[in-house]
1. B:GLY213 - would you say it is away from ligand 2 (no atom under 16 Å from the Cβ) and among the small types (Gly, Ala, Ser)?
2. Given (1) out of contact with any helix residue (DSSP H, G or I) (no Cβ under 9 Å at 6 or more places or on another chain); (2) assigned to a loop (DSSP other than H, G, I, E, B), identify the lone condition not met by A:SER284.
3. Can you tell me which residue among B:ASP178, B:ASP212, B:ASP171 is touching a residue at least 40 places away in the same chain (Cβ under 8 Å), away from every other protein chain (no Cβ under 14 Å) and under 16 Å from the mean Cα position of the chain (by Cα)?
4. Can you tell me which residue in segment B:169-200 is farthest from ligand 2 (Cβ to nearest atom), limited to those that are crowded, with 17+ Cβ neighbours inside 10 Å and acidic (Asp, Glu)?
5. Suppose the filter is aliphatic (A, V, I, L, M), within 13 Å of A:ILE226 (Cα to Cα) and surrounded by fewer than 23 Cβ atoms within 10 Å (Cβ to Cβ); does A:ILE179 pass it?
6. Can you tell me which residues in segment B:1-31 are in contact with a Leu (Cβ under 7 Å, 6 or more places away or on another chain) and under 19 Å from B:ASP47 (Cβ atoms)?
7. Within segment B:118-134, can one find any residue that is more than 28 Å from B:GLU54 (Cα to Cα) and more than 9 Å from chain A (Cβ to nearest Cβ)?
8. Looking only at segment B:105-128, count every residue that is closer than 15 Å to A:GLU88 by Cα and of a type in the set (Val, Ile, Thr) and tell me the total.
Amino acid sequence: MTKKIATRDAYGQELVRLGADNKDVVVLDADLSKSTKTHDFMKNYPDRFFNMGIAESNMMATAAGLAAVGKIPFASTFAVFATGRAFEQIRNSICYPRLNVKIAATHAGVTVGEDGGSHQSVEDIAIMRALPGMTVFVPADAVETAAAIRAAAEIKGPVYIRLGRSGVPVLHGEDFKFIPGEAVTLREGTDVALIATGIMVAVALEAAETLAAEGISALVLDVHTIKPLDIFAVVEAARKCGAVVTAEEHSIIGGLGSAVAETLSEHHPVPMQRIGVRDTFGESGKPEELLQHFGLTATHIAEAARKVIAKKK
Amino acid sequence: MDQKIAFLQERARAIRRHIITMLGEAGSGHPGGSLSAADIVSVLFFDTMKLDPENPHWPGRDRFVLSKGHAAPVLYAALAEKGYFPQEELLTLRKLGSRLQGHPDMKKLPGVEMSTGSLGQGLSAALGMALGLRLDGGEGAQRVYALLGDGEVQEGQIWEAAMAAGHFKVDNLTAILDYNNLQIDGPVDVVMNVAPLADKWRAFNWHVIEIDGHDIGQILKAIEEAQATKGKPTIIIARTIKGKGVSFMENQVGWHGNAPKPEQVEQALKELA
Ligand SMILES: Cc1ncc(C[n+]2csc(CCOP(=O)(O)OP(=O)(O)O)c2C)c(N)n1
Ligand SMILES: [Mg+2]
């Protein structure tokens, strides 16, 4: 079995390394540092860590102020609270003035598990993607997460990084090159393009194996940057394969599936299906059970692939 | 001292004249809360804060956050008077392409330290600035001043920021509350009473000073006391009159967000001559 690491763990570890290299990096949390994994940074750099208490709105606007005097703040809490409770602070105090704040939100998606729907963000990509000037990263594994954190610190402006609670397979080697805004073709194919993000990238690779056994050649595109979307790579994949399935641990409304549909409908319409949470809230259960329950498995992706292939002219 | 007070009173009068002129030209905007804060802003920009209009991004400068962003005219007037940009530019307020947006935009206009307009967020940003400046500057760190409205403090986020500033003992942060007892829908104590204010801020571990916000001498003294206060942020609760300086606007809720007509501009400027 391949090694599994949660992207939040990779975040916490990379943050400590980043803190050593860059003294301008400061970290804010809202009483969830043990869960978001910022507590390692706190232990190493207590002066540069601010526990803001359970007050997410104030945390985001305080981060804006820190950025305004030259710091590079990483603000962390669960994705539901970051993008929901503090939405308007992100909009007006961070994005509108294009301040250099990094929002590293953990516990995104249904793989939060037992805590249930109140804690499972299925709409955060949609919300963050709608904000002008916001960069949106959704890393697929620990390697991408570390690279995304580094890239976020380099980018001048607001960045949203979507991280998960549960362990996910490590897909990339040490030599992996993360280029913001450039999707990665993990597998070449000609019959169908599986375009995935976050933890669904590993699931899409699994689906491609299943399809290969049936003689179907599936391309797998890893979209770690939802915004700016790699329009070129998405259109190329659609052109090459003539059919597309998107996969995300997020609502089918407003996330990767929407972004791809928007792009293809303008540039190169092909039969398409979106795998994602179908306009409903999450619920309690084990992460694996929930992925099954919400139709987020390799079986579901493979089934969608067969359907879109059948629709090809 | 008397000379200094006279000088700052004259600057405040000039700021008030600019407010009236630019709002008259713009045809919309917020005179009441701009006028009520003119004396406070005059002291901050022409006595208190270390600033360099020639070099607006000078790292050693003090910071001002207009948390009640709708009072943008008072900030623009002070910046123009201070020499950040030509005074003629005040006449572009709220027009397409202007750097003088309806609410302050830090990306457009040098001298604006934080984009505001959504009430309740500026104190948090000021707190972040004060924390960041303290990290680098320690004891001698630059100071941050935030101007709040009395209606604005109905926002829950203000109290999150108040709690955090008290907790972190951010003594390079000073808030000034423009206590004019009016908001849009009526008197603050009728819409949603915020009193007792001094007790609330004290309970959040702030040093509290109560003054007449139109008495330049009292404002100067309060700022001095704030600068000398260690281990705590300070709030200056300044009793003010909304629309101060223009007789027909004073204490009139209707002048919160309406621009004066040409004949009203004329009369107001006569009173402020
Ligand atoms: C979050 C938010 N809600 C509502 C408004 C609309 N608004 C603009 S000014 C204002 C009243 C402000 O009253 P106060 O803080 O007392 O300001 P002042 O009297 O100094 O003008 C309101 C409700 C806003 N700008 N932001
Ligand atoms: Mg008021």
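1. Details: away from ligand 2 (no atom under 16 Å from the Cβ): no; among the small types (Gly, Ala, Ser): yes.
Here the answer is no, as B:GLY213 does not meet what is asked.
2. (1)
3. Working: B:ASP212 fails: touching a residue at least 40 places away in the same chain (Cβ under 8 Å); B:ASP171 fails: under 16 Å from the mean Cα position of the chain (by Cα).
None of the others qualify; the one that does is B:ASP178.
4. B:ASP171
5. On the way: aliphatic (A, V, I, L, M): yes; within 13 Å of A:ILE226 (Cα to Cα): yes; surrounded by fewer than 23 Cβ atoms within 10 Å (Cβ to Cβ): yes.
Answer is yes for this residue.
6. B:ARG13, B:ARG16, B:HIS18, listed by residue number.
7. Yes, because at least one residue in segment B:118-134 is more than 28 Å from B:GLU54 (Cα to Cα) and more than 9 Å from chain A (Cβ to nearest Cβ).
8. 1
The values are calculated or read from the model by the stated rules, or taken from the named source; none is laboratory data. All figures in this text were calculated on a predicted structure; none of them were measured in a lab. Here Cβ is always computed from backbone atoms with ideal geometry, including for glycine, and neighbour counts include all displayed protein chains.
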